[in-house]
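Have a look at the structure below before the remarks.
The values are calculated or read from the model by the stated rules, or taken from the named source; none is laboratory data. Predicted model, so just to flag it, every value in this text is computed and none were measured. FYI the Cβ positions are ideal-geometry reconstructions off the backbone, even for glycines, and counts take in every protein chain you see.
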Amino acid sequence: MGSLVSTLISLAAAGTMMLSAPLNQAAPQHDVDGTLFLVNRQWRVHQYYVPEHMRQAEVTGQIRTMREEAAAALEAMYDACKKEAKVTLTSVSGYRSYTKQNNIYQNKLNSVGSKAKADEYVARPGASEHQLGMAMDVGQKDKVNLSASFGSTKGGKWVRENCWRFGFILRYDEGWEDVTGYNFEPWHVRYVGLEAAEALHENPMPFETYLLGLREERLYAMIQGASAGEE
Ligand SMILES: [Zn+2]
């Protein structure tokens with residue numbers, strides 16, 4: 001009985017901490033090699049983190065490197081878009097190293113003159129999902145890329161409606177800026193695996209919010225498991 005009480009007390013303490021903390025402090029960042037790893041402005045990835053098992057996605061475009069499972073999913077998604085919407089999607093930017101992101105950030109900083117301004121456009125090194133090898137900036141051939149207008153193109157609409165079927169989410173949707181910390185980016189998809197992508201398709205919410213809910217569920221299951229084990 002004593003062990004149950006102490007288990008429940010420590011679980012409750014951990015739970016209170018997790019549930020009462022604001023989203024940007026409470027979001028989980030475990031699972032570094034898994035598909036649910038969170039990176040945003042608050043939760044940065046280490047400068048030496050380099051994903052394992054990366055390869056070039058066999059699609060047209062530049063910077064096509066992604067983690068193996070994300071590359072395969074991207075290829076399947078681009079094939080389906082070609083068949084279903086008759087649109088050829090391209091890759092604009094997949095994996096970016098910490099150093100590469102740092103260069104992009106420094107260049108932006110030099111051209112706009114202040115960190116506050118640079119932060120509006122570019123993620124700081126370590127704060128970009130592209131370092132995970134699970135994000136892709138989707139483009140279309142002969143079109144202006146990385147622009148909000150991508151969202152109203154045939155390809156952009158198809159991606160919004162169908163990316164979940166391949167395990168991707170639209171990571172920075174309109175209206176989520178306060179939670180994700182990023183402006184609307186209809187071109188940026190993030191691989192999270194089929195289960196999470198389907199759940200987020202059925203019940204759309206920012207990835208941060210989803211992970212927090214998942215954490216609550218796991219905590220609840222732990223408490224249930226701990227009390228069941230004592231009976
Ligand atoms: Zn991106």
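One table, with the values for the structure above:
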item: Residue list for region 152-161, filter: in contact with a Cys (Cβ under 7 Å, 6 or more places away or on another chain) and surrounded by fewer than 23 Cβ atoms within 10 Å (Cβ to Cβ); result: Trp158
item: Residues of region 161-170 satisfying the condition of being within 15 Å of the chain's Cα centre (by Cα) and either over 26 Å from Phe37 (Cβ atoms) or without any contact (Cβ under 8 Å) to a residue 60 or more places away in the chain (or both); result: Trp164, Ile169, Leu170
item: Scan of region 128-143 for residues that are over 23 Å from Glu69 (Cβ atoms) and out of contact with any Gly (no Cβ under 6 Å at 6 or more places or on another chain), ordered by number; result: Lys141, Asp142, Lys143
item: Breaking point among (1) surrounded by fewer than 21 Cβ atoms within 10 Å (Cβ to Cβ); (2) more than 20 Å from Ile63 (Cα to Cα); (3) of a type in the set (A, V, I, L, M, F, W, C), for Val122; result: (2)
item: Positions within region 140-172 being within 16 Å of the ligand (Cβ to nearest atom), at pLDDT 95 or above and outside any helix (DSSP H, G or I), in sequence order; result: Phe168, Ile169, Leu170, Arg171, Tyr172
item: Neighbours by Cβ (under 8 Å, 6+ apart or cross-chain): first from region 126-139, closer than 16 Å to Glu52 by Cβ and touching a residue at least 60 places away in the same chain (Cβ under 8 Å); second outside any loop (DSSP other than H, G, I, E, B) and within 11 Å of the ligand (Cβ to nearest atom); result: Gln131/Gln101; Met134/Arg190
item: Residues of region 187-214 satisfying the condition of being under 16 Å from Met134 (Cα atoms), within 16 Å of the ligand (Cβ to nearest atom) and not in a helix (DSSP H, G or I); result: Trp187, His188, Val189, Arg190, Tyr191, Val192
item: Enumerated helices (runs of 4 or more DSSP H) restricted to region 1-87, each holding at least 1 residues that are at pLDDT 65 or above and among the basic types (Lys, Arg); result: 68-85
item: Considering residues of region 88-112 that are within 16 Å of the ligand (Cβ to nearest atom) and in a loop (DSSP other than H, G, I, E, B) only, the residue farthest from Gly126 (Cα to Cα); result: Gly94
item: Search result, residues across region 173-186 that are free of Cβ contacts under 8 Å to residues at least 60 places away in the same chain and in a loop (DSSP other than H, G, I, E, B); result: Asp173, Glu174, Gly175, Trp176, Phe184, Glu185, Pro186
item: Condition check for Glu217: over 24 Å from Glu120 (Cβ atoms), among the acidic types (Asp, Glu), more than 16 Å from the ligand (Cβ to nearest atom) and more than 16 Å from the chain's Cα centre (by Cα); result: yes
